2 protein chains.
Amino acid sequence: MGNTPPVGRKVTLSDIAAGCDVSRATVSLVLRGSPLVNKHTRARVEEELRRQGYVYNRAAANLRRRTSSSIALVLNDLANPFFAEFAAGVDEVLGSTGYVTLLGSTSESTERELAVLGSLMEHGPAGIILSPAEGSDAQQLLSAVGTTTPLLLFNREVSGDISACDHWDRLFLDNQHGSRMATEHLIAQGHKHIAFYGGHSNSSSCKQRRNGYAEAMKSAGLRVEPQWLVECIPNRLDAVAQCEQLFNGGTAPTAAVCYNDAVALGLMLGLHQRGLQPGRDFALTGFDDIAEAAVSAPPLTTLAVTPRARGRQAAELIMQRLQEPAAAPRQTIVPVQLLIRDSSSPPHA
Amino acid sequence: MGNTPPVGRKVTLSDIAAGCDVSRATVSLVLRGSPLVNKHTRARVEEELRRQGYVYNRAAANLRRRTSSSIALVLNDLANPFFAEFAAGVDEVLGSTGYVTLLGSTSESTERELAVLGSLMEHGPAGIILSPAEGSDAQQLLSAVGTTTPLLLFNREVSGDISACDHWDRLFLDNQHGSRMATEHLIAQGHKHIAFYGGHSNSSSCKQRRNGYAEAMKSAGLRVEPQWLVECIPNRLDAVAQCEQLFNGGTAPTAAVCYNDAVALGLMLGLHQRGLQPGRDFALTGFDDIAEAAVSAPPLTTLAVTPRARGRQAAELIMQRLQEPAAAPRQTIVPVQLLIRDSSSPPHA
DNA sequence: CCATGCTTTTGGAACGATCCAAATTTACCC
DNA sequence: GGGTAAATTTGGATCGTTCCAAAAGCATGG
């Protein structure tokens, strides 16, 4: 009954055509659910597809149709739960739209970033979602991705000459306002000596968060001492290490707005090591609302950014861009939400 | 000087060939660094490639060569830091080998899993790394991925008739031994009434962990009361909710071996709500060593599984499989390491 | 100048799908 | 039955690359 499937080779549309005595064109129409084909033939073809275990070769179709069915997702740090959630959100939407996610992780290295983008571009993605590594250069990125593939910049601005990249869409968090809210909250709790702790002052998100902090301090008529602006690598380890800088001469702060949750959790450990109990002797806030923020001791007051929703949003934005390639570039700034927990109590009497 | 690049269309190898007056075949040879081509011509072609901003179309090449340059990575829960780290490890190795990662996240849904696999298969990956959703059926998976694409099963066994899938490679954690070590540790601390908390008893990893626990209890001559085997969805939320089950009649346990860290952290919260202080009034252990395990209150005794290294290992295993498609299938069981922290102190006097 | 062997280059047919214009079949009406 | 319109099917070219066998170029030596 019928031919046997081919050996050592995948079943193609021609195999199906031969198997049920129609042309390749007809099989192709069936595959795409065209109403042109007679339901009799359709049934016959579909039966044969099943019988031979045909799987569609999308690469071949894309080649002929000059289309693409993939989106590149390039992240500076996939291991960070924030980006992992983001990626899950992106994939959720892309998957349901029939696109496939090409993943690339750069581990915060601009070199790897260029290499990864170069490699992904060879697969001709329909669009790119990029959360750039710190210090990524606009010109270099541009020459890696070209000018024809739509790109959505997430989370961070790139450095260098941005004017050449003004056709990119952008999706950023409202860092400045978030940080301002956190600072205002600490002020409302009665704190007067408040530090901004962590991050690299050259990264765009850190600048924005510092601005929000400075704004709030200024509005409240509070001064900022230079040693209250402490930089550190935005991870727990370095945050522990740099803790002492907060207390090097001058007026010691009684609270700190931290660059993000990881830094805040690190600072908590650092404070412990100095004999200070965070949440009682010293107030602090984070940024991101990573899972552990709710279960730290004490639970961390922070800014929720709902990364999964951001991922969905990013995917939707890039889909819209594909719909209307010529529409004006869009910059979206999403609000963040202050979650008050126990780490930001009033100052000690 | 020279032709202008084409408009509204990507630069192809023919454009380059025309641009410097050689045949397509020669350009192709240059691209692949063939020693056949004269270094004069090579220079001319390379100059033209730069000038026109050519990007290689790997899909077309793969079609002609009947090869593939992608690996599908399908995960049951990308948002889980364990799998995020795993994915980062996979991508790290694949990226450096010139492969690209096709990501798919199934959110623990077997339906989505089949859909995702179907969609990814259409892109013809060279191999698949799959961490199956709970309850995935061997037959269904097999019919989704076919028998020709090598598959590496990670983390969990699938259910149903496994015999048809015995050509798959496997990479599992030594759940049973890990759990046994944790239990033995609690016993050594002096606990006699020890529960096994969380997970679904039908999932293979939960079964294995329970076995390790049972083994240790039996060896120590300790009995296990039925209400000490508590099931819950392996996340924090449900772990909090099911806490009371531990104390519903019978002898109350003084310690629990938890299915994983998320569950353990949830149980900590649940204990708090009952007025018990974890680590002092009740000892517990986790599994995974997620980042927050080290900073919870108290820090959690758990089993380190180094997911990033597992990711790298998985990528390497699948690469090896591609090298030797006919080699005997391999099952790798990686040991886990007990990390003793403060949550597993001796019982209260 | 031709034969020989080496290096370098090249047309044209693939790969597996889609598009398109044209051919074929079917249905319907007078 | 013939004519017309609609429904269905179909070759053959094409997407951007690689493969292959064969051609062309170029020394060398007799």
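Determine the distance separating the Cα centre of the stretch B:105-146 from the Cα centre of the stretch B:1-56; give it in Å without decimals.
Cα centroid to Cα centroid, the span is 40 Å.
For chain B, what % of the accessible area comes from carbon and sulfur atoms, probe 1.4 Å?
For chain B, the apolar C and S fraction of the accessible surface comes to 52 percent.
With θ taken as phi - 60° and the coefficients 6.51, -1.76 and 1.60, list the Karplus ³J(HN,Hα) couplings across the stretch B:54-67 in order, rounded to whole Hz; mark glycine and proline as x.
Values per residue, Gly and Pro as x: 5, 10, 4, 9, 5, 4, 4, 4, 4, 4, 5, 7, 6, 10 Hz.
Once you've got the GNM for chain A with C-alpha springs shorter than 10 Å, pick whichever of A:Ser203, A:Ser105, A:Ser163 has the biggest mean-square fluctuation.
A:Ser163
What's the magnitude of the charge dipole for the stretch A:13-56 around its Cα centre, counting Lys and Arg as +1 and Asp and Glu as -1 at the beta-carbon? Answer in Debye, nearest 20.
Taking the Cα centre of the stretch A:13-56 as origin, the dipole is about 140 debye.
According to a simple spin-label model (label point 7 Å from Cα along Cα-to-Cβ), what is the distance in nm between A:Gln227 and A:Thr251?
1.4
Helix B:307-323 against the longest principal axis of chain B: what's the angle in degrees, Cα atoms only, rounded to the nearest 10?
Approximately 50 degrees, to the nearest 10.
Give me a comma-separated list of calculated 3J(HN,Hα) values for the stretch B:172-187, in order, Karplus coefficients 6.51, -1.76, 1.60 applied at θ = phi - 60°, integers in Hz, x for any Gly or Pro.
Ordered by residue, 3J(HN,Hα) equals 10, 8, 7, 4, 4, 5, x, 4, 5, 4, 4, 5, 4, 4, 4, 4 Hz.
List the distances, in nm and shortest first, from the label point of B:Glu244 to the matching label points in every other copy, placing each point 7 Å from Cα along the Cα-to-Cβ direction.
Those separations, rounded to one decimal, come out as 5.1 nm.
Could you compute the FRET efficiency for A:Glu46 and A:Val7, with r as their C-beta to C-beta distance and R0 at 22 Å, rounded to 0.05?
Efficiency, from the Cβ-Cβ distance: 0.40.
Pick out, from B:Gln277, B:His167, B:Phe247, the residue whose Cα sits farthest towards the positive end of the charge dipole of chain B, with +1 on the Cβ of Lys and Arg and -1 on the Cβ of Asp and Glu.
B:His167
Just to confirm the number: angle between the C-alpha axis of helix A:81-96 and the first principal axis of chain A, 0 to 90 degrees, nearest 10?
30
Quick one: which bits of the stretch A:25-57 get at least 20 Å² less accessible when the partner protein chains are in, versus the chain alone, with a 1.4 Å probe?
SASA drop of 20 Å² or more in the stretch A:25-57: A:Val55, A:Tyr56.
Which of the trypsin sites (Lys or Arg not before Pro) found in the stretch A:8-68 are loop residues per DSSP with 11 or fewer other Cβ atoms within 10 Å of their Cβ?
A:Arg9, A:Arg32, A:Arg66
Determine the total buried accessible area between chain B and chain A, counting protein heavy atoms only with a 1.4 Å probe; round to the nearest 100 Å².
Approximately 3500 Å², summed over both chains.
Any idea what angle helix A:204-219 forms with the longest principal axis of chain A, computed on alpha-carbon atoms, 0 to 90 degrees, nearest 10?
40
Heavy-atom accessible area per residue, the protein assembly as shown, 1.4 Å probe: how many Å²?
Here the per-residue accessible area is 43 Å².
Please report, for B:Ala309, the nm distances (one decimal) from its label point, 7 Å out from Cα along the beta-carbon direction, to the equivalent points in the remaining copies, shortest first.
In nanometres, ordered from closest: 3.9.
Expressed as a whole number of Å, what is the distance separating the alpha-carbon centroids of the stretch A:224-298 and the stretch B:281-349?
Distance between centres, Cα-based: 29 Å.
For the protein assembly as shown, what is the convex hull volume of its Cα atoms per residue in Å³?
Measuring per residue, one finds 198 Å³ for the Cα hull of the protein assembly as shown.
Just to be sure I understand: of the beta bridges DSSP finds with both ends in the protein assembly as shown, what percent are antiparallel, rounded to 5?
Once the DSSP bridges in the protein assembly as shown are tallied, antiparallel ones form about 15 percent.
So for the pair A:Ser96, A:Arg24, with labels modelled 7 Å out along Cα→Cβ, what separation do we get in nm?
The two pseudo-label positions are separated by 3.7 nm.
Hey, what do the phi angles of the stretch B:274-285 turn into as Karplus ³J(HN,Hα) couplings, whole Hz, using 6.51/-1.76/1.60 and θ = phi - 60°, x for Gly and Pro?
8, x, 9, 9, x, x, 10, 8, 7, 9, 8, 10
Which lysines have a Cα less than 19 Å from the Cα of B:Lys192, not counting those fewer than 8 places away in the same chain?
In chain and number order, the partners are B:Lys218.
How far, in nm to one decimal, is B:Ser201 from itself in the other copies if the label point is set 7 angstrom along Cα toward Cβ? Shortest first, please.
Listed shortest first, these distances are 6.1 nm.
Starting from the amide H of A:Arg341, placed 1.01 Å from N in the peptide plane, find each other amide H under 5 Å away whose residue is 5 or more places distant or on another chain.
Here the answer is A:Thr301, A:Thr302, since their amide H atoms fall under 5 Å of that of A:Arg341.
The values are calculated or read from the model by the stated rules, or taken from the named source; none is laboratory data. All of these numbers come straight from a predicted model, not from anything done at the bench. With ideal geometry, Cβ positions are generated from the backbone for all residues, glycine too; neighbour counts draw on all protein chains shown. Just so you know, the surface numbers come from the protein's heavy atoms only, side chains and all, with ligands and any DNA or RNA stripped out. Shrake-Rupley method; radii C 1.70, N 1.55, O 1.52, S 1.80 Å.
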